[in-house]
Amino acid sequence: MRKIFFFLLLTWGILAIPVSAQPLQIEVFDVTQSKVTKSIPLDEKNRSEALKLVKSINALYPKLNPTPKTGFMVKVPFEPTENIDTDVLKQSVKQVIFIFPEGEKPYLLIFNEKEQPMFYYFSEDSTGFLKMLEMNN
């Protein structure tokens, strides 16, 4: 199951390479349906809200299996990349995947410089970000 999850994430990331003529898109992936259910153009407002969440990273995600059984994930690209400097993370980020499992605290996925997946909790309230995306959470 874990290998399938990482394969889906990698495929999702690779297939979503933006073409320069198209605006960048935020994509919402429904875990239960195993598919992208919504695409929203990335604008300065939702980029800023996503960045607030990333900059509030405060702890590593401790569970061995980060794969949620239900809920949704939101992939946000950053073009140009964003430099993140927190107590827990110091690196340049080109995309982030927010994970919102049902009944659990949300967390996020960032690939490090070696393209290894790293999972983190964030402290900022995600309500405003989800409202902007018109997600009922």
Can you list the lysines whose alpha carbon sits under 21 Å from that of LYS69, skipping same-chain ones fewer than 8 residues off?
-> LYS3, LYS35, LYS38, LYS105
Given charges at beta-carbon only (K, R positive; D, E negative), |dipole| of the stretch 64-137 in Debye = 200
Those lysines that a straight Cα-Cα span of less than 22 Å connects to LYS45, excepting residues fewer than 8 apart in one chain = LYS55, LYS75, LYS94, LYS131
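Probe radius 1.4 Å, ligands and nucleic acids left out: which of LEU24, LEU109 has the largest accessible area, and how do the rest follow?
LEU24, LEU109
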Local net charge near THR70, Cβ-Cβ under 12 Å (Lys/Arg +1, Asp/Glu -1) | -2
Sequence of ASP43, ASP87, ASP30 when ordered by accessible area, the most exposed leading, probe 1.4 angstrom = ASP87, ASP43, ASP30
Carbon/sulfur accessible area of the stretch 70-135, % of total, 1.4 Å probe, equals 45
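Per residue, how large is the accessible surface of the stretch 24-137? Use a 1.4 angstrom probe and give square angstrom.
Roughly 54 Å² per residue, with all protein chains present.
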In vacuum, with every alpha carbon of the stretch 66-137 counted as one equal point scatterer, what does the Debye formula give for log10 I(q)/I(0) at q = 0.14, 0.16, 0.18, 0.24 Å⁻¹? Two decimals, please.
-> -0.46, -0.61, -0.77, -1.26
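The values are calculated or read from the model by the stated rules, or taken from the named source; none is laboratory data. Here the structure is a predicted model, which is why all the values come from computation and not from measurement. In this analysis, Cβ positions are derived from the backbone assuming ideal geometry, glycine residues included, and neighbour counts consider all displayed protein chains. Side chains included, ligands, DNA and RNA excluded: accessible areas come from the protein's heavy atoms. Shrake-Rupley method; radii C 1.70, N 1.55, O 1.52, S 1.80 Å.
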